[in-house]
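Here is the structure we will look at.
What follows draws every value from the coordinates through simple rules; no lab data is involved. For clarity, every value in this text was computed on a predicted model and none was experimentally measured. All Cβ positions, glycine included, derive from the backbone under ideal geometry; neighbour counts span all protein chains shown.
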Amino acid sequence: MEIAIWIFKGLLAALFIFSGLNKLIFPKPKLLDKGMKGLLNIEEHQIKIIGILEVLGAMGLILPSLLHIYPILTGISALCLGLTMIVAIRIHLQLKLPILPNIIILTLCILVTYWTFM
C-alpha cells in the first residue's frame, strides 16, 4: 500500500507542479489558448497566486514524507489541494466544462489525505 501512496503523491505532485508553473510563466490569454478555460473569469494576479499555491502544495505532498520532517504536512497539503479541486469543479460546472479530470484528482487527494492520517 505504501508504494501506491507514493505513486499517487508523485502523480499529484507532477500534475500540480506542471499546472502551477504554467500559471506562473504564461499570461492569461496563452493559458486560455492552452485549454485552461476554467480561468476565464479569474484575474491575472489571482491566477499567479493559484500557481504559487499549487507549486507549494505539490512540494508539500512530497518533501515532508521524503525528509521525515512533519509528515502530517503531506496530508494537509493533499487536503488543501483537494479543496482547490472542489472550487475547480464548481467553476467548471458554471462554465459547462468537463469535470471528470477534476473528480479524479480530487479522489486521489482524498486517498492521500486518508492514508496520511491513518
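Between HIS45 and LEU66, what length comes free when the chain is fully extended (0.36 nm per residue of separation minus the Cα-Cα distance, one decimal in nm)?
Gain in length upon complete extension: 4.4 nm.
With everything on Cα atoms, drop me the angle between helix 100-117 and the longest principal axis of the chain, reported from 0 to 90° to the nearest 10.
Compared with the principal axis, the helix lies near 30 degrees.
Please list, in order, the residues from the stretch 17-39 whose amide nitrogen is less than 17 Å from a point placed 7 Å along the Cα→Cβ vector of VAL87.
The answer is 17, 19-24, 37-39, whose backbone nitrogens lie closer than 17 Å to the label point.
Can you sort MET36, MET118 so the residue with the fewest Cβ neighbours within 10 Å comes first?
Ordered from fewest to most neighbouring Cβ atoms within 10 Å, MET36, MET118 come out as MET118, MET36.
Subtract the Cα-Cα distance of GLN94 and ILE3 from 0.36 nm times their separation in residues, and report this length gain in nm to one decimal.
Using 0.36 nm per residue and subtracting the Cα-Cα distance, I get 29.1 nm.
From Cα pairs below 8 angstrom and at least 6 apart in sequence, can you work out the relative contact order of the stretch 1-64, rounded to a whole percent?
The value is 49 percent.
Across the chain, what fraction of all alpha-carbon pairs, as a whole percent, falls in each successive 5 Å bin from zero upward?
2, 12, 21, 24, 19, 11, 7, 3, 0
Let me know the charge dipole size of the chain about its Cα centre in debye, to the nearest 20, where only the beta-carbon of Lys, Arg (+1) and Asp, Glu (-1) is charged.
With only Lys, Arg, Asp and Glu charged at Cβ, the dipole is about 320 debye.
Taking the chain as the reference, fit the longest principal axis to its C-alpha atoms, fit the long axis of helix 44-67 to the helix C-alpha atoms, and give the angle between the two in degrees, 0 to 90, nearest 10.
Taking Cα atoms only, the helix is inclined about 10 degrees.
What net charge is computed for the residues neighbouring SER65, neighbours being all others with C-beta under 15 Å from the C-beta of SER65, Lys and Arg scored +1, Asp and Glu -1?
Local charge sum for SER65: 0.
Pairs of Cα atoms under 8 Å, at least six residues apart: use those to get the relative contact order of the chain, whole percent.
Dividing the mean separation by the residue count of the chain yields 27 percent.
Among PHE8, GLN46, LEU97, flag the residue with its Cα farthest along the positive direction of the charge dipole of the chain, charges on Cβ as +1 for Lys/Arg and -1 for Asp/Glu.
Checked the options; the winner is LEU97.
In degrees between 0 and 90, to the nearest 10, how far off the longest principal axis of the chain does helix 72-94 point, with axes built from Cα atoms?
30
Among the lysines, which fall within straight-line cross-link reach of LYS96, defined as a Cα-Cα distance under 25 Å, with same-chain neighbours fewer than 8 residues apart omitted?
Straight-distance partners of LYS96: LYS23, LYS28, LYS30, LYS34, LYS37, LYS48.
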